[in-house]
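I have placed the structure first, in the form of structure tokens, so that the comments after it can refer back to it.
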Ligand SMILES: Nc1ncnc2c1ncn2[C@@H]1O[C@H](COP(=O)(O)OP(=O)(O)OP(=O)(O)O)[C@@H](O)[C@H]1O
Ligand SMILES: [Mg+2]
């Protein structure tokens, strides 16, 4: 039983069926006893009728269906109904099977020292009990069916608020932290659970906001001192008063400062994108020209990396996108492909239009990424073991790609390369347009700065 609803329905149905079964079984026992007692009373009435004249029962005086045996005080038979055949009626009042006549109930009475036994068939009692058992069986089956159906309906109705909580909680993610679970008017356990969860989401939202603000402020604060450091290093180099060794050391410092500046800019971008503070400048156009420019730059990067690069661009179609952020995302993907695939291998970029999206695919022939890691590589600062050997990245490139796609209302996923393994990253931007659109250039400058 996978769901709580199904388990509840089953339990409900089992309990009602077993209860009914128990009641019907008790009814069977009581009715049987009651009917047998009625038969005993019939035997007694027949005895009293037979001895009503004051003498022992006369032969042949018994009513139809009754059998009689009369013995004197010494045990000698005075009279026996012919239908008894060879069967001897028991001493104590009990049941006995008489030849082909079936089971009989025997009543034993005393009259003037003689023993009078009267027997009457139990067949009518058996028939009534058989009918009772058949009706009971039908009732049990019916109740089992009805209770299963009504149990399912009841548990569905009872668990509806839980399902609402589940669905809402599932929707509350990093990009949607402000949604809350609806709390009904009734002050029941479910309502207090929803309130409790909402309070927890409030705390989580505040904590996330603080982390975001901290990350944005820290990156922002670090920008100025780093720029100063950079200026000083550049001044030292331009003065030309340093020895060869010192100059090399300052060059190294400058490279590190550059790297840190990149990381800080990336972090600043990510925290602002998460806070939805960046408004992309979405312009609807044919991406052909944009891609031509991009592929020229990519070809240069590929040459530097000793990798072959080929682009296949479908000429038709229009889509709204922000050229600068899209270029940043695609260059991140292409840089990864050039960096992580071996020299001489082939990297391709495909641009095509599906029914509802602009699809961009970057595929390489490098080592690829194991399936279990393919979602994780889009998280911040995630670098796989062998990445460190291949370059000095910071693990933010793909996180930025995902943010850029989210800005466009699109998605990005990694899979296995279809040519020679490697990695295949697919980005999809919906043709219907992103949820947030700002076409004024000034707005973007303000938002990003
Ligand atoms: N084409 C690829 N082939 C194999 N592994 C890849 C590929 N692209 C990304 N990865 C793996 O995913 C990790 C995350 O990539 P991401 O672009 O986010 O960071 P990075 O390239 O290490 O650094 P950055 O892009 O910030 O300079 C990489 O470190 C690498 O391990
Ligand atoms: Mg990268």
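None of the figures in this text is laboratory data; all of them are computed from the coordinates on show. Predicted, not measured: the structure shown is a model, and the values here were computed from it. So basically every Cβ, Gly included, is an ideal-geometry build from the backbone, and we count neighbours across all protein chains shown.
Look at where the Cα atoms of segment 195-256 and of segment 101-168 average out, and the two centres are 82 Å apart. The simple Förster model, with R0 at 56 Å and r as the Cβ-Cβ distance, assigns residue 392 and residue 163 a FRET efficiency of 0.70. Using only the C-alpha atoms, the convex hull of segment 184-239 corresponds to 57 Å³ per residue. Counting beta carbons within 10 Å around each of 117, 235 and listing the fewest first gives the order 235, 117.
Normalising by residue count, segment 66-213 has a Cα convex hull of 224 Å³ per residue.
Contact order, relative form, for the chain: 11 percent (alpha carbon pairs under 8 Å, 6 or more residues apart, mean separation divided by residue count). The long axis of helix 123-171 is offset from the longest Cα principal axis of the chain by roughly 20 degrees. Volume per residue for segment 283-448 equals 119 cubic angstrom (convex hull of Cα atoms). Compute the Cα gyration tensor for segment 280-335, then decide on rounded, prolate or oblate, letting a ≥ b ≥ c be the square roots of its eigenvalues: rounded whenever a/c is under 1.5, prolate when a/b is larger than b/c in the other cases, and oblate in all that remain. Here segment 280-335 falls in the oblate category.
What is the mean projected area of the alpha carbon convex hull for segment 246-355, to one decimal in square nanometres?
For segment 246-355, the mean projected area of the Cα convex hull comes to 9.3 nm².
Taking label points 7 Å from Cα along the Cα-to-Cβ direction, residue 186 and residue 91 give a separation of 6.9 nm. Counted by neighbouring Cβ atoms within 10 Å, the residues 185, 112, 40 run from fewest to most as 185, 112, 40. With q set to 0.24, 0.29, 0.30 Å⁻¹, the log10 of I(q)/I(0) for segment 252-306, from the Debye formula over equal scatterers at the Cα positions, is -0.91, -0.93, -0.96.
If you restrict to DSSP beta bridges whose two residues both lie in the chain, what percentage is antiparallel, to the nearest 5? Within the chain, antiparallel bridges account for around 90 percent of the total. Using alpha carbons only, how many degrees (0 to 90, rounded to 10) separate the axis of helix 4-50 from the longest principal axis of the chain? Taking Cα atoms only, the helix is inclined about 0 degrees.
Compared with the alpha-carbon gap, the fully stretched path from residue 205 to residue 25 is longer by 58.8 nm at 0.36 nm per residue.
Each residue, residue 381 and residue 316, gets one label point 7 Å from its Cα in the Cβ direction; the gap between the two is 4.8 nm. Per the Kirkwood formula on distinct C-alpha pairs, the Rh of the chain is how many angstrom? Evaluated on the chain, it is 31.4 Å.
Normalised size of segment 189-274, defined as Cα radius of gyration per 2.2 N^0.38 Å with N residues, equals 1.83. Rounded, prolate or oblate: pick one for segment 335-394, where a ≥ b ≥ c are the square roots of the eigenvalues of its C-alpha gyration tensor, a/c under 1.5 means rounded, and failing that, prolate if a/b is larger than b/c, else oblate. It is oblate, given that a/c is not under 1.5 and a/b is not larger than b/c. For the chain, the longest principal axis of the alpha carbon atoms and the long axis of helix 244-274 meet at an angle near 40°. Treating r as the C-beta distance of residue 223 and residue 174 and R0 as 30 Å, the FRET efficiency rounds to 0.75. Within segment 7-64, the ratio Rg/Rh, alpha carbon atoms throughout and Rh by Kirkwood, equals 1.49.
Overall, the ratio between the Cα radius of gyration of segment 4-127 and 2.2 N^0.38 Å, rounded to two decimals, is 1.56.
Among 203, 376, a tally of other beta-carbon atoms within 10 Å of each Cβ gives an order, fewest to most, of 203, 376.
Taking label points 7 Å from Cα along the Cα-to-Cβ direction, residue 308 and residue 49 give a separation of 11.5 nm. Here is how the number arises for the chain: DSSP H runs of 4 or more residues each give -39500 (n - 2.57), the sum is divided by the residue count, and the result at 222 nm is -19000 deg cm²/dmol.
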